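For reference, the structure discussed in these notes is given below.
Only the coordinates and a few stated rules stand behind these numbers; no lab work does. Everything quoted here is computed from the prediction, not taken from an experiment. With ideal geometry, Cβ positions are generated from the backbone for all residues, glycine too; neighbour counts draw on all protein chains shown.
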């Protein structure tokens, strides 16, 4: 008790990490252990033997050390540390409140296991998303030589055990985070790929209309070609031009309708039932200024490239007109050797390809149309603080299963049903339930 009091008063209890307290506690305990004082009425006990269990069961040493490791691994700011603390506060509260119950020893063990499972899920998420640095393994720093002063054999064994434990932790830890965004609350574009798909579909429709236009021209050149050394010479040019204008006007009309479709899409987004609900809950943000920027910038790009294509068509029709005239040789801008139609198709194909690439690049630069206020992955791992639903109890039991006891899903459902609870239940019921399961498990293990 003296070591505990001295350790508690020798650190800043608001800012000092848990490991600092336990190091001080070890120091004062080792000092006190050199001289033992025994009450004549109290049987002699070896406090050095019970010290490790006492610090784990009644002070939560292993639990708070694991929590401190989580902070070091995953928290780069005070806000991120607070997020982890809040996510695990339900477990911490069960641990600390369990001391008001008799025989709480099972609870620290269970909370340690649940915190280890929390860390495992967090680590798997980070590794799967590649949010860690690729760093070369570093050799472990040499341990300082032990103090040459006399120490009890038990204290030496305990320190050696702690040293090995620290070494194992060092070898098993993952490198520090480089991008912790996915773990913590942040804003991100919602379904940005859908906008790209929308643009791809609009470009596809324009491309199909353009290709039909090219097919029409190709067929006209083949079916109406007149005997001439000029490849674009056709009969009845006026009729061809009339049909040509119909296709050209359709393409121009589709281009104008693109802007209308942009506006309609924005309207459809905010009227979607799911999105409208999330906007009302303020987990989604639809930015009207961003929407106007999207419409303006994306339409400008599509319009620019299709104006180029339309210009190519208009240049081409002038060449057809000159080639089909009575004296094509009088025009210096046309020759008999050039394949103008193939050149037209190649030029249009190049513009279409450049358009798709340009839209994709621009979309990356634009601010999000619909913003999702992502609470972060840690929030999904959060334990309740006081009110527990049935799914929360099942999650706890399944996380402890195979580690603290062996229950099937049927057993878990049966154990919960036997309590006769009406959910949600409060934290004291959870503690009693876990102690009850622990006692039943001990009884089962002791049954011959």
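Points to keep in mind about this one:
- Nearest-0.05 FRET efficiency for residue 440 and residue 197, computed from C-beta distance (R0 51 Å): 0.40
- Ranking of 98, 347, 326 by count of other Cβ atoms within 10 Å, fewest first: 326, 347, 98
- The length gained by stretching the chain between residue 338 and residue 287 to full extension, at 0.36 nm per residue less their Cα-Cα distance, is 13.2 nm.
- Going from the residue with the fewest nearby Cβ atoms within 10 Å to the one with the most, 126, 320, 275, 260 rank 260, 275, 126, 320.
- Along its first, second and third principal axes, ordered by size, segment 186-374 spans 73, 25, 21 Å in Cα coordinates.
- One way to sum up the overall shape of segment 338-448 is the equivalent ellipsoid from its Cα gyration tensor, whose semi-axes run 64, 19, 11 Å, largest first.
- Gain on full stretching of the segment that runs from residue 127 to residue 279 - 0.36 nm per residue minus C-alpha separation: 51.5 nm
- Dmax and Rg, reported as Rg then Dmax, of segment 368-423 (C-alpha, Å): 15.8, 51
- Between residue 329 and residue 219, the FRET efficiency estimated from the beta carbon spacing at R0 = 35 angstrom works out to 0.85.
- Each of 311, 83 has some number of other Cβ atoms within 10 Å of its Cβ, and from fewest to most they run 311, 83.
- At q = 0.34 Å⁻¹, base-10 log of I(q)/I(0) for segment 324-365 (Debye sum, equal scatterers on each alpha carbon): -1.06
- A simple spin-label model places the labels of residue 187 and residue 229 6.9 nm from each other, with each point 7 Å out along Cα-to-Cβ.
- A straight chain from residue 401 to residue 362 at 0.36 nm per residue would run longer than the Cα-Cα distance by 9.0 nm.
- Label-to-label distance, residue 205 versus residue 264, with points set 7 angstrom from Cα along the beta-carbon direction: 0.6 nm.
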